[in-house]
Amino acid sequence: MRFLFINGPNLDILGRREPEIYGSESLEEINSGIRETAGELGVEAEFFQSNHEGAIIDRINTAQEDGIIINPAGLTHTSVALKDSLEAFNGYVCEVHLSNIFAREEFRKSSVTASAADGVISGFGSRGYVMALEAAVSEVA
Ligand code: DQA
């Protein structure tokens, strides 16, 4: 089984981006923890980060993986195009947020993309990605 982890805009600067909200780990550090769990679970993890909506959509539209675990970041609250792309993907989808978007500003409380996902994990920090992988593996198996 192969799972694709997608991180959207501004998640390339994790670690130095508002660490009180998003934590002090870099994306590379988070991804190496995910890679370790993937190894333990006997599955493959691939990683894609972009600050560009179209690049993320291009990656989803060519994805051959069994599932996508995505933190759409700011696009969560705005992107119908990203939602449509996730909707068309023929595998398991989990949306992850580091912070609890429901406990933040009003504009963050709604997700345009979440209805295209099988599940949403929000507010568990980087552990959310690992939780999503565990869920995805058991759902897809
Ligand atoms: C985020 C929450 C979004 O509102 C924000 O724009 C992000 C990160 C999170 O992981 O908590 O960039 O998706």
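Restricting S99, S32, S122, S24 to those that are surrounded by fewer than 15 Cβ atoms within 10 Å (Cβ to Cβ) and either farther than 22 Å from R2 by Cα or of a type in the set (K, R) (or both) reduces the list to S24. Of everything listed in (1) under 14 Å from the mean Cα position of the chain (by Cα); (2) touching a residue at least 60 places away in the same chain (Cβ under 8 Å), the single unmet condition for I60 is (2).
Answer yes if at least one residue in segment 31-41 is in a strand (DSSP E or B), closer than 21 Å to R127 by Cβ and more than 13 Å from the ligand (Cβ to nearest atom), and no otherwise. No, that holds for no residue. Condition check for N90 on (1) more than 27 Å from S138 (Cβ to Cβ); (2) without any contact (Cβ under 8 Å) to a residue 12 or more places away in the chain: one failure, at (1). Within segment 111-141, being modelled with pLDDT of 95 or more, part of a loop (DSSP other than H, G, I, E, B) and not acidic (D, E) holds for S111, V112, T113, A117, G123, F124, G125, S126.
Among the residues of segment 78-103, those identified as within 23 Å of I30 (Cα to Cα) and near the ligand (Cβ under 10 Å from one of its atoms) are E95, V96, H97, L98, S99, N100, I101.
The values are calculated or read from the model by the stated rules, or taken from the named source; none is laboratory data. The structure displayed is predicted, hence computed values, not measured ones. Glycine also receives a Cβ, built like all others from the backbone with ideal geometry; neighbour counts cover every protein chain displayed.
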